[in-house]
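The values are calculated or read from the model by the stated rules, or taken from the named source; none is laboratory data. From a predicted model like this one, the values you see are computed outputs, not experimental measurements. Cβ placement follows ideal geometry from the backbone for every residue including glycine, while neighbour counts extend to all protein chains displayed.
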Amino acid sequence: MSRLLACLCAAFASLASAGDFGVSPIRVDLDRGTKSALVTVTNDDHKPLAFQVRVMEWTQDAAGADQYADSTDLVYFPRQLRIPPKESRVVRLGYKTPASHVEKAYRLFIEELADPERDPARTGVAITLRFGVPVFVRPASVHLAGELILTAAGGAPVALVRNSGTVHFRIAAVRYAGIGHGGETLFEQSVDGWYVLAGSQRSYRLAPPAGMCAKAALLRVEAVAEKLVLRAERPFVPQDCP
């Protein structure tokens, strides 16, 4: 069960006016053998909660930023939910057409609607919180592959992760280290990762400790995903330092 307040996708009001609910599972994988799935929404609050449900196609731009667009590729119902306290309801979803050569990605947004009794100032349809469940429709042939490229920009090293496979991967962390002239490790740090969709790329700006990058001879980086580890290294260059 995912606690929505801990896995917040977007907030449109103060958390004080939001209800307490959970969504499970927090990711859906569909393929030719699994054409549909169930997503359970549980109301853990002491008052009834109302939701609207919608699916959007999920892509990423050249910088790796998530982009969403309306889509009719998936069938899902119900579109609206009203859940009594301490009860659960199920959203059913499935695809119309299987993915061909490259995985298709979507987000199933579970959006809590503001309660007029708790927030009478709101009029019309007002979203309090929303949680986006990733939904992936896999192709018949799955190929997991990527590339890690190290560059420099604006006085800092940059790690560019490219997805050259047919399915997504999620980077848990991008770890990097500065290696001294004698082979010693001068520093080790990491930054949180994110999904890299098939055919997309995402850049991570690294931040070596002040005063250390000028002493380092080698930059060593690895991007760690679920079933994939990408590694690269190169000499430190003046552009790596502010």
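Descriptive notes on the structure:
- Screening region 155-171 for residues that are touching a residue at least 60 places away in the same chain (Cβ under 8 Å) and small (Gly, Ala, Ser) and picking the one that is surrounded by the most Cβ atoms within 10 Å (Cβ to Cβ) gives 159.
- Some residue of region 205-223 being of a type outside the set (A, V, I, L, M), free of Cβ contacts under 8 Å to residues at least 40 places away in the same chain and under 26 Å from residue 102 (Cα atoms): no
- Single match in 184, 233, 222 (criterion: surrounded by fewer than 18 Cβ atoms within 10 Å (Cβ to Cβ) and farther than 30 Å from residue 143 by Cα): 184
- Residue that is of a type in the set (A, V, I, L, M) and either at pLDDT below 95 or not in a strand (DSSP E or B) (or both), where the choices are 177, 214, 173: 214
- Pairs where the first residue, in region 37-65, is in the same structural domain as residue 109 (by TED's automatic domain parsing) and the second is aromatic (Phe, Trp, Tyr) and surrounded by fewer than 18 Cβ atoms within 10 Å (Cβ to Cβ), C-beta under 9 Å, 6+ apart: 53/77; 56/68; 57/68; 58/68; 59/68; 64/194
- Only one of 133, 142 that is at pLDDT below 95 and of a type in the set (A, V, I, L, M, F, W, C): 142
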